[in-house]
1. Looking at the structure I just gave you, is residue B:165 more than 13 Å from chain A (Cβ to nearest Cβ), polar (S, T, N, Q), over 18 Å from residue A:241 (Cα atoms) and in contact with a strand residue (DSSP E or B) (Cβ under 6 Å, 6 or more places away or on another chain)?
2. Output the residue which, of all residues in the range A:72-98 that are assigned to a helix (DSSP H, G or I) and touching a residue at least 24 places away in the same chain (Cβ under 8 Å), is surrounded by the most Cβ atoms within 10 Å (Cβ to Cβ).
3. Residue under question is residue A:220, and the condition is that it be assigned by TED's automatic domain parsing to the domain that holds residue A:198, open to solvent by less than 20 Å² (accessible area, probe 1.4 Å) and small (Gly, Ala, Ser); does it hold?
4. Take the residues in the range A:175-209 that are within 14 Å of chain B (Cβ to nearest Cβ) and within 17 Å of residue A:139 (Cα to Cα); name whichever of them is modelled with the lowest pLDDT.
5. Check A:155, A:147, A:100 and return the single one that is at pLDDT below 95 and assigned by TED's automatic domain parsing to the domain that holds residue A:59.
6. Check B:263, B:267 and return the single one that is free of Cβ contacts under 8 Å to residues at least 60 places away in the same chain and farther than 22 Å from residue A:240 by Cα.
7. Is it the case, given these coordinates, that residue B:7 is open to solvent by less than 60 Å² (accessible area, probe 1.4 Å), modelled with pLDDT of 95 or more and at negative phi?
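The values are calculated or read from the model by the stated rules, or taken from the named source; none is laboratory data. Computed from a prediction, not measured in an experiment: that's the story for all the values here. All Cβ positions, glycine included, derive from the backbone under ideal geometry; neighbour counts span all protein chains shown. Surface accessibility is based on the protein's heavy atoms, side chains included, excluding ligands, DNA and RNA. Shrake-Rupley method; radii C 1.70, N 1.55, O 1.52, S 1.80 Å.
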Number of protein chains: 2
Amino acid sequence: MPVVTAIACSNIALIKYWGDRDTDWHIPANGSISMNLDGLFTLTTAITAPQLSGDQIIIDAKPAIKSTQQRVVQFLDRFRQLFGIYHYFRVESTNNFPSGTGIASSASAFAALSLAVTTASGINLSEAELSRLARLGSGSACRSIPGGFVEWQAGHDHASSFSFSIAPPAHWPLVDCIVIVQEQTKQVSSLEGHALAVTSPLQSIRISHADQRLSDCRKSIMSRDFDLLARIIELDCHMMHAVMITSDPPLLYWQPATLAVMQSVIQWRKAGLPVCYTIDAGANIHVLCEGEYQDQITERLREIPGVIHIMHAKPGGSAYLETDN
Amino acid sequence: MPVVTAIACSNIALIKYWGDRDTDWHIPANGSISMNLDGLFTLTTAITAPQLSGDQIIIDAKPAIKSTQQRVVQFLDRFRQLFGIYHYFRVESTNNFPSGTGIASSASAFAALSLAVTTASGINLSEAELSRLARLGSGSACRSIPGGFVEWQAGHDHASSFSFSIAPPAHWPLVDCIVIVQEQTKQVSSLEGHALAVTSPLQSIRISHADQRLSDCRKSIMSRDFDLLARIIELDCHMMHAVMITSDPPLLYWQPATLAVMQSVIQWRKAGLPVCYTIDAGANIHVLCEGEYQDQITERLREIPGVIHIMHAKPGGSAYLETDN
């Protein structure tokens, strides 16, 4: 009875994934770049046993709600089909951070799940193969397989669409100060939002300029050029939210406190602090700074009305098995 | 010694003007539609007298600051050149609303000025001709010449770019609740902002889809279809702000209270209230509703943190001479 536990970090996109070229296979409309978030992880145990007559999905020690159950079983069916597997799984999963608040819980969840179920099935995949598999559960999960700073090559089919590390965690000691301004689950999930991207007249331009932003972002990471990173990730974030607010129906994820943090960060950077922001499909905001400024930035962030709490993450490593440690 | 006083209302754009095809002549990149704002006006007196050895520009009983003085004199020079006029003017102008806060003070100011100086010079222009002239002072001023609901036909040169009324003020008793959330002058003026529009990769798409939005907006006004109006003016507003936040440098005019009002209005409309919003190049927000809901909406708006005060305007009339009344 194989019991395998895998751990994968969440990640924050610096160049965003928003909209698919192929929804079924999660082939994205554009490539993206992210940083893994050390300490914000999903821990997933996969168990195979002959007596299982169906998949059992347990989240935080309770049977998963129906929509989650369906999504995970669909992924497991896909995995079984692709790899010729015929057994069921009991999956036990916990996040150490709140889900549905703009921190990509589905990214770490499907990354950890992919590593757990393949290992439990005796299948040993390369990082790229594992990344492809994780992508089928949630697009951004493919970025939580490799470590550090990660690029997801958009590709054009299942084989060509996967992620790889472009720099290890220690390359650049950035810190992501994750500013929680809204704790309830967002009204429109990322998965539903992706499907709306094409309804915005601006999406095609966002996509057609993505290669330039990817190139600039890669360059900023390689050369540890914070000013360039700041300019490019804020532009890319604005591009995605421009698409969101002009889709049909429009998606306005920002809340008053989101704007308060954005405006503050812009002012702080003007005054010389190496700090910038990015925002996923939610109201919470990721404020990135160089490590030595973490305390100062955190103190300032705490003073902004509407900030509920702040988590911190350094660049995180790749997905791993519990037994690896 | 001719002394002529003219009055013109400000206007709120329902379909926005943002970016010029020809900066020098203020030929806009796209057509726009606005509603004149009754009761929010500029009153301008133009005086010609042989003893004037230069233009005197008096705003609120004080000599204008240098940048305003230059802008007005530049306009007067243009006027003199176009019409073969050789005398100077003393111009005395007052607004009955605060300037530089996202209410188009330059619109009402140059509309009133155009009517005052032409009349003081013995020149009797048609509405279209007056609208063209006002456009040279400030693009949106051409929309403050005709009355009620006004369309500015983009055109391609000075002759073809002017505004006309598409419905009189009484056609649709809407109310604009102008929600002031920031009283200081904005950091980037509309005039400077227009020049940045082309630096956004999204501007070309905003322009290329403008005809559809103009057509929908026109239709919504003609048929008094509030739902269509709401959908189209919020989309158009988001389109403009999408361009602003992706221009170089980015323009992020929204403040936390702007977002608070946006989110509230969206919720109220979902709950059945005929209410929608639009935002110009500033943090303040215009909340439009059908007249009978003004009190209810105003009461709700007052409860939103960050709302400083609220002004109200019904659809306003055309620019007029004081002696007309």
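1. Working: more than 13 Å from chain A (Cβ to nearest Cβ): yes; polar (S, T, N, Q): yes; over 18 Å from residue A:241 (Cα atoms): yes; in contact with a strand residue (DSSP E or B) (Cβ under 6 Å, 6 or more places away or on another chain): yes.
Answer is yes for this residue.
2. The first filter runs over the range A:72-98 and keeps only residues assigned to a helix (DSSP H, G or I), leaving A:72-83.
Then drop every residue that is not touching a residue at least 24 places away in the same chain (Cβ under 8 Å), which leaves A:72, A:75-76, A:78-79, A:82-83.
On the way: A:72: 21, A:75: 23, A:76: 20, A:78: 15, A:79: 20, A:82: 12, A:83: 13.
That would be A:75.
3. Working: assigned by TED's automatic domain parsing to the domain that holds residue A:198: yes; open to solvent by less than 20 Å² (accessible area, probe 1.4 Å): yes; small (Gly, Ala, Ser): yes.
Considered against the rule, which asks whether it is assigned by TED's automatic domain parsing to the domain that holds residue A:198, open to solvent by less than 20 Å² (accessible area, probe 1.4 Å) and small (Gly, Ala, Ser), residue A:220 comes out as yes.
4. Going residue by residue through the range A:175-209, those that are within 14 Å of chain B (Cβ to nearest Cβ) are A:179, A:181-182, A:184, A:186-188, A:196-209.
The next check asks that each one be within 17 Å of residue A:139 (Cα to Cα); those that pass are A:188, A:196-198, A:207.
Details: A:188: 73, A:196: 95, A:197: 95, A:198: 95, A:207: 98.
Filtering the range A:175-209 for residues that are within 14 Å of chain B (Cβ to nearest Cβ) and within 17 Å of residue A:139 (Cα to Cα), the one modelled with the lowest pLDDT comes out as A:188.
5. Working: A:155 fails: at pLDDT below 95; A:147 fails: at pLDDT below 95.
Of the residues listed, the single one that is at pLDDT below 95 and assigned by TED's automatic domain parsing to the domain that holds residue A:59 is A:100.
6. Working: B:263 fails: farther than 22 Å from residue A:240 by Cα.
None of the other options fit; the residue is B:267.
7. When the stated conditions are applied, residue B:7 passes them.
One line per residue, one yes/no per condition, for (1) in contact (Cβ under 8 Å) with a residue 24 or more places away in the chain; (2) assigned by TED's automatic domain parsing to the domain that holds residue B:196; (3) under 21 Å from the mean Cα position of the chain (by Cα):
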{"residue": "B:27", "(1), (2), (3)": "yes, no, yes"}
{"residue": "B:41", "(1), (2), (3)": "yes, no, yes"}
{"residue": "B:53", "(1), (2), (3)": "yes, no, no"}
{"residue": "B:62", "(1), (2), (3)": "no, no, no"}
{"residue": "B:67", "(1), (2), (3)": "no, no, yes"}
